[in-house]
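Here is the structure we will look at, set down as structure tokens.
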Amino acid sequence: MRSQSDSSLVGGDTIGGHFVIRRKLGGGGMGEVFLAENLNVPDKRYAIKVLRREFSDQPRFVAMLRDEATKQSRLEHDNVVGMYDFLLWNDHYCLIQSYVEGKSLADMIVESPGGLALTVALPLMTGILSGLDHAHKIGILHCDVKPANVIVAKDDSRPRVTDFGISRDVGGKSRDSGVVGAGTAEYMSPEQVLSPFEIDHRSDVFSAGVLFFEMLCGRLPFDVDPEQHGAALPQLHQDAPDVRSFRPDVPEPIARIVATALQRDPALRFQGCGDFRKAIADYLWWRRFIKVLVPSLAVACVIAAIGIFVLLHWREGVNREARIKEKENALQAERLAATKADEALVSAMTSHNLFCRELKEYHAKEPGLDLARKTGDPDRAEKFRIRLADMKVNMDQYATKYGEAMQQLGSIGPAVVAAAIAKRSSDPVFEPLAGSIKADDAGLRQHGTLVSAADLKARCPPVTQSN
């Protein structure tokens with residue numbers, strides 16, 4: 001008995017009149033993939049992705065599969081799985097692709113837990129980047145680059161990128177907002193998490209960098225909790241570790257290539273998969289040059305020229321790396337200062353408001369002490385006295401914390417503080433305090449004076465005591 005939730009296809013079924021199902025290859029959330037043969041061309045085999053029946057009457061999922069077919073049909077490249085047809089057969093939406101006999105890159109990584117050999121990883125990576133660069137040149141972002149979406153052919157070891165199911169046009173918006181944030185958390189670029197509508201091809205560069213790291217090390221650069229998504233992802237606030245901390249035999253130029261691809265700031269990454277691929281190709285060329293050609297050069301002047309070239313190339317690389325590091329450090333220092341200023345503002349605002357709340361409560365309970373004394377109730381009077389004393393201690397502590405927050409602000413550049421105050425000014429809780437905090441910051445910078453508890457009392461809203 002076939003389940004209502006499966007594709008209802010088995011070996012021997014015929015799709016479209018001439019595609020015969022041979023066996024199931026795999027499946028995912030939206031559908032299943034089958035190996036099929038063409039009755040009209042017996043030696044030709046295909047991979048047919050079939051949308052699950054429970055999704056066939058949902059326009060959003062049908063549109064996603066049709067979009068995948070449309071985009072993949074525009075991709076004609078040796079490193080991209082080819083697409084042949086898209087059809088509806090007996091309520092089954094079918095995407096017919098070329099069948100690549102081989103294994104997924106994910107399986108290859110599992111089989112090599114210490115990382116793939118460089119002689120395997122580098123050619124595979126250049127092929128993957130060639131396929132992605134082709135897609136980018138015709139305006140298609142993949143948005144889900146990962147080892148499971150790369151098939152390595154058995155006969156020629158050529159990688160082919162597949163599964164453009166959540167891809168979209170550069171600058172385009174998904175037809176459903178729920179699809180925009182789609183992707184695999186471990187491989188998503190910071191901007192794909194934070195601003196999925198605004199990503200460009202450099203987001204795929206970052207994802208390809210994560211994939212390259214995993215190929216070399218047998219593990220991901222970031223430890224991602226699969227239950228978390230969005231702001232909890234470590235790539236939002238952590239730099240990727242050096243590849244060589246897990247794989248010491250990786251050459252320094254390759255480690256630098258990986259680090260460049262994994263820059264959190266898109267402007268500091270390779271500006272396209274073509275540049276990424278060229279960096280690896282240049283390294284391979286240089287390695288072949290050193291290994292094969294240099295020993296055959298016997299003329300001293302040629303060797304000297306090579307030495308000069310190497311020196312200049314190295315120096316340019318060192319300078320470029322230093323510039324990148326300098327810019328990265330400056331950006332990081334700027335972000336840290338802005339974060340520090342905002343934290344100090346929040347602390348000052350919180351301490352101020354807690355002080356005023358405690359003051360209001362103090363005035364509300366103070367008449368109770370007088371009443372207890374007048375009515376001759378010493379036990380009740382003592383309780384009021386202790387409570388009021390505690391509240392005075394609390395107010396002193398809040399005043400001290402306010403002063404500490406202002407000192408924290410004073411250690412940060414005034415321009416950064418002004419920007420942080422301006423950013424917070426639209427907050428209705430902060431807005432009434434903006435003027436006072438500005439004045440306190442100026443007073444501390446100019447005269448070194450801190451606000452006292454008495455000053456804070458004068459700022460708190462007036463309290464009307466009731467008998």
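Read-outs: derived from the displayed coordinates by stated rules, not from any lab. Here the structure is a predicted model, which is why all the values come from computation and not from measurement. Neighbour counts are summed over all protein chains in view; Cβ atoms, including those assigned to glycine, are modelled from backbone coordinates with ideal geometry.
For residue 153, which sequence-distant residues (separation of 5 or more, or a different chain) have an amide H within less than 5 Å of its own amide H, given hydrogens modelled in the peptide plane?
158, 160
Pop out the ³J(HN,Hα) list for the range 429-439 in order, Karplus 6.51 cos²θ - 1.76 cosθ + 1.60 with θ = phi - 60°, rounded to Hz; leave Gly and Pro as x.
Ordered by residue, 3J(HN,Hα) equals 6, 7, 3, x, 9, 4, x, 5, 5, 4, 5 Hz.
Just to confirm a number: summing +1 for Lys and Arg and -1 for Asp and Glu over residues other than residue 372 whose beta-carbon lies under 14 angstrom from that of residue 372, what do you get?
+2
Residue 223 to residue 343: extension gain in nm, 0.36 nm per residue of separation minus the Cα-Cα distance?
Length difference between fully extended and current span is 40.5 nm.
List the aspartates and glutamates whose alpha-carbon lies under 15 Å from that of residue 365, not counting same-chain residues fewer than 8 positions away?
382, 390
Leaving out same-chain residues fewer than 8 places away, which lysines sit with a Cα under 18 Å from that of residue 44?
Within the straight-line limit of under 18 Å, residue 44 reaches these lysines: 24, 154.
What distance in nm separates the simple spin-label points at residue 278 and residue 45, each placed 7 Å from Cα in the Cβ direction?
3.9
Sort 211-218, 16-23 by the packing proxy (mean of other Cβ within 10 Å over each peptide's residues), most packed first.
Most protected by this proxy first, the peptides run 211-218, 16-23.
Residue-wise, which Karplus ³J(HN,Hα) couplings in Hz belong to the range 333-345, taking 6.51 cos²θ - 1.76 cosθ + 1.60, θ = phi - 60°, and x for glycine or proline?
5, 5, 5, 4, 5, 5, 5, 5, 5, 5, 5, 5, 4
Relative to a virtual label point 7 Å from the Cα of residue 445 in the Cα→beta-carbon direction, which members of the range 401-417 show backbone nitrogen distances below 17 Å?
Residues passing the 17 Å test: 405-417.
For residue 387 and residue 291, calculate 0.36 nm times their separation in residues minus their Cα-Cα distance, and state this gained length in nm to one decimal.
Fully extending the segment from residue 387 to residue 291 adds 26.3 nm.
So how tilted is helix 59-73 from the main axis of the chain? Cα-based, degrees 0 to 90, rounded to 10.
Computed tilt is about 50 degrees.
Give the label of the value calculated from the structure for volume of the Cα convex hull per residue in Å³, choosing from [x] 250; [y] 150; [z] 164.
[x]
Computed FRET efficiency, Cβ-Cβ of residue 322 and residue 239, R0 22 Å: what is it to the nearest 0.05?
Step by step, r from the Cβ atoms, then E = 0.85.
From the backbone phi of the range 209-221, what are the Karplus-calculated ³J(HN,Hα) couplings (6.51 cos²θ - 1.76 cosθ + 1.60, θ = phi - 60°) in whole Hz, Gly and Pro given as x?
Computed from phi, the couplings for the range 209-221 are x, 4, 4, 4, 4, 5, 4, 7, 10, x, 8, 7, x Hz.
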